[in-house]
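Worksheet: one structure, shown below.
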Amino acid sequence: MYKKVGIKMKISTKFHGEIEMNEEEIYTFESGIPGFLEEKQFGLLPLDETPFFVLQSLKTPEVAFIMTNPFEVFPTYEVNLSDEVLADLQIQSQQDVTVFTILSVRDPFEQTTANLQAPIIINHTKKLGKQHIM
């Protein structure tokens, strides 16, 4: 759940407790995320001093995905965006885009896997996001 507090919002999160987030830090996923179609608004939060981020639903505190930049782990990884994805996310330049992969965190951590077949594509300029199933 979230409530507006001026230009900031207070949100309840899975990993960070209750935090304040600027409205500008909110990303809209018009189609939701497969399996979570009702979740449309997310915050992108760094996870402590790690290379990981949390994609946190603003609607449901329990819905949070651990993500990382796939190019740091898999340097030869490639993502080809269709014209539909470019249009949906209003992408005009490569500088607008950040790509993440959702991790399935396991114990021990070495058994963690990354979903390379369905990256999260973020347009920072337009504050839009989408899970792109390749």
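The values are calculated or read from the model by the stated rules, or taken from the named source; none is laboratory data. Because the structure is a prediction, the values reported are computed rather than measured. Backbone-built Cβ (ideal geometry, glycine too); neighbour counts: all protein chains shown. Just so you know, the surface numbers come from the protein's heavy atoms only, side chains and all, with ligands and any DNA or RNA stripped out. Shrake-Rupley method; radii C 1.70, N 1.55, O 1.52, S 1.80 Å.
Odds and ends about this structure:
- Of all residues in the range 90-107, those that are without any contact (Cβ under 8 Å) to a residue 24 or more places away in the chain have Cβ atoms under 9 Å from Cβ atoms of residues that are in a strand (DSSP E or B), 6 or more apart or on another chain, in 104/66; 104/113; 104/114; 106/113.
- Among the residues of the range 67-92, those identified as in contact with a strand residue (DSSP E or B) (Cβ under 8 Å, 6 or more places away or on another chain) and farther than 21 Å from residue 123 by Cβ are 73, 74.
- When restricted to residues that are out of contact with any strand residue (DSSP E or B) (no Cβ under 6 Å at 6 or more places or on another chain), closer than 12 Å to residue 129 by Cα and touching a residue at least 12 places away in the same chain (Cβ under 8 Å), the range 26-36 contains 2.
- Condition check for residue 120: open to solvent by less than 80 Å² (accessible area, probe 1.4 Å) and over 28 Å from residue 18 (Cα atoms): no
- Between 49, 23, 39, the distinction of being under 17 Å from the mean Cα position of the chain (by Cα), farther than 18 Å from residue 131 by Cα and free of Cβ contacts under 8 Å to residues at least 40 places away in the same chain belongs to 23 only.
- Exactly one residue among 46, 108 is modelled with pLDDT under 95 and within 25 Å of residue 23 (Cβ to Cβ), and that residue is 46.
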